[in-house]
Amino acid sequence: MSLINRQFRIEEKTFNFKLHMKKTRFTATQIVSILNQQESGRSVRDICREHAIAEGTFYQWKNKYGGMVVSDVKRLKELEEENFRLKRMFADLSLDHSVLMDVISKKGWGPTSKGN
């Protein structure tokens, strides 16, 4: 196997990783309940062992969901979905605007500068 083939395979795996993100095994409400176990006094190591997660994962969850209740998590999810929808809408409108501006400038319909 040549060096070029290896590089292509590495790039291909990286490309596939970006297209197919790994889905989590836990819902946001389950994550909040796991975090609440630690707040009630259980050790992080025991919780991680019980749920088969790494301690790093636990602390990432704690940074994102720490101090939240289930209703907060649902609201966060709704806001993230709305934000995604609005960003997509903005991108579509920006594309439409740039296409229209290109057409206007090519047709000569744009504003003309009047010389004095």
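Pick from 43, 33: which is at pLDDT 90 or above and over 24 Å from residue 74 (Cα atoms)? Break it down stepwise before answering.
Numbers: 33 fails: over 24 Å from residue 74 (Cα atoms).
Residue meeting the stated conditions: 43.
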- request: Within the stretch 21-42, track down each residue that is aliphatic (A, V, I, L, M) and loosely packed, with under 11 Cβ neighbours inside 10 Å.
  value: 21
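Does residue 82 fit the bill of being modelled with pLDDT under 95 and either more than 30 Å from residue 110 (Cβ to Cβ) or surrounded by 10 or more Cβ atoms within 10 Å (Cβ to Cβ) (or both)? So that I can check it myself, show each step before the final result.
Details: modelled with pLDDT under 95: no; either more than 30 Å from residue 110 (Cβ to Cβ) or surrounded by 10 or more Cβ atoms within 10 Å (Cβ to Cβ) (or both): yes.
Against the criterion (modelled with pLDDT under 95 and either more than 30 Å from residue 110 (Cβ to Cβ) or surrounded by 10 or more Cβ atoms within 10 Å (Cβ to Cβ) (or both)), residue 82 does not qualify.
The values are calculated or read from the model by the stated rules, or taken from the named source; none is laboratory data. This structure is a prediction, so every number in the text was calculated from the model and none was measured. So basically every Cβ, Gly included, is an ideal-geometry build from the backbone, and we count neighbours across all protein chains shown.
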